[in-house]
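Only one structure is covered here, and it is reproduced in the block below.
All of the numbers you see were taken from the coordinates with simple rules; none came from a lab. All values derive from a computational prediction rather than experimental measurement. Positions of Cβ are generated from backbone atoms using ideal geometry, with glycine treated the same way; all protein chains shown enter the neighbour counts.
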RNA sequence: GGCGCGAUAGCAAAGCGGUUAUGCACUGGAUUGCAAAUCCAUGUAGGUCGGUUCGACUCCGGCUCGCGCCUCCA
């Protein structure tokens, strides 16, 4: 049975879907004003594993992951670039989808964009006003009145008075309470705008998720996820909006993934210490990145360094070696009665313990190397559940073994010619020449392995 | 200031109240013409001070250090 840590209760608890056999999942996706960085990648991979594991567990999953394509930063960035907003967001969405495909992140069932749901947002804001939970300010903005929602703070464990004590909220003369947040912003000159009962304007950030989740999943669904930083205020505000409007529970399980760090500091666009996925893919194969992310638990902080990625690369190569040595094995459906399979399932059922699941993979790799029949096939099958070992093994090793190398067919032909020359020398017992060729290739990172009369080459 | 999280062997990272996590790196051996891959062998780590217990890395408390949220942020 699957157990998940629920931010709302601060406990790991058994997962029981609202509707048997079916899971409705919503994850806060990207704001598309820039490329995805590794922290985004972590979030997206973590929830991809959840999605895959729910499906592997037999659930029919409806997975919604939104795209925020209208907000302050987008407007600002488009102006800086001197390009239309749609051009910027379209470019970033295409780039994101490329990055995610390379990480083997499966596409969600629905990937709605905020700008497609503005009418729904206006309807929800009207409902909140009717219920006395929201009010228009004199400036054309509409605010949510947090003091009128008794449960405000239940997700983040904050009380309004504690928040007030922090005094970090910007003063706004049009708000009744400094902690009230914006549902609708009146348009400033030159900004994108939609007509509304409060004049032309655009939606605040939080309202879109309440509306898009309702549109695809209804007003009460199973799991809502996102990065830890969204716990407050974004998810707290979503609860205020959705539960305030509909008068019943919004989400059963809230999941938040831990941060990716650089030099023990959160990786974020605000801090400017981020590496984009595209930057990292220049050095390391995307699957190394995925493997690196899965070696840590999703709720723990994970520190990024090239050295850690290099460790991950070596480990992944160990697994690929098994597949290379068992070229005929295919993936399939796991037999959950097996010892390794049970350990694997136990690990993932325990709040997605991917480090332990990965350890099971290494156990199977070891069994396979020792000649245990079927171990390689089981390794491949379980790896598939995690979205790993997707590449053809020989190519994996010859194209860089997890490093990004730029080598074309000519290079390949040259190497194979040298390998053939060396083989001829070996037949003549001319080991001096053979070793000279080995050394020359080794100097460019190519390792030759003589096995059973034939020589395989790979990059290291 | 308020709320919360963490501290595990050289590095990374899990489970578990008493039996090998796992990976990377390192060392010795086997294997190999030499290598590589692989196999075999080798690591008693658990911030610190107390408490509970027959027994604690694992539960409880203090302390120290690090981190996060409280403002846009995955």
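The table below gives the values:
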| quantity | calculated |
| --- | --- |
| Pairs, first assigned to a helix (DSSP H, G or I) in the stretch A:353-365, second within 6 Å of RNA strand B (Cβ to nearest atom), C-beta under 7 Å, six or more apart | A:354/A:297; A:355/A:295; A:355/A:296; A:355/A:297; A:358/A:295; A:365/A:318 |
| Strands (runs of 3 or more DSSP E) wholly inside the stretch A:1-100 containing at least 2 residues that are exposed (fewer than 14 other Cβ atoms within 10 Å of the Cβ) and either without any contact (Cβ under 8 Å) to a residue 24 or more places away in the chain or more than 12 Å from RNA strand B (Cβ to nearest atom) (or both) | A:11-14 |
| Residue that is nearest to RNA strand B (Cβ to nearest atom), among those in the stretch A:175-191 that are buried (at least 18 other Cβ atoms within 10 Å of the Cβ) and in contact (Cβ under 8 Å) with a residue 40 or more places away in the chain | A:181 |
| Residue match in the stretch A:390-406 (condition: outside any helix (DSSP H, G or I), away from RNA strand B (no atom under 13 Å from the Cβ) and touching a helix residue (DSSP H, G or I) at 6+ places or on another chain (Cβ under 6 Å)) | no |
| Residues located in the stretch A:213-232, provided they are within 11 Å of RNA strand B (Cβ to nearest atom) and part of a strand (DSSP E or B) | A:225, A:226, A:227 |
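For (1) more than 7 Å from RNA strand B (Cβ to nearest atom); (2) free of Cβ contacts under 8 Å to residues at least 40 places away in the same chain; (3) under 25 Å from the mean Cα position of the chain (by Cα), each residue gets a yes or a no:
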position	(1), (2), (3)
A:300	no, no, yes
A:306	yes, yes, yes
A:330	yes, no, no
A:341	yes, no, yes
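One line per residue, one yes/no per condition, for (1) under 30 Å from residue A:395 (Cα atoms); (2) in contact (Cβ under 8 Å) with a residue 24 or more places away in the chain; (3) in contact with a strand residue (DSSP E or B) (Cβ under 9 Å, 6 or more places away or on another chain); (4) surrounded by fewer than 23 Cβ atoms within 10 Å (Cβ to Cβ):
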| residue | (1), (2), (3), (4) |
| --- | --- |
| A:200 | no, no, yes, yes |
| A:209 | no, yes, yes, no |
| A:225 | no, yes, yes, no |
| A:235 | no, yes, yes, no |
| A:262 | no, yes, yes, yes |
| A:265 | no, no, no, yes |
| A:271 | no, no, yes, yes |
| A:295 | yes, yes, yes, yes |
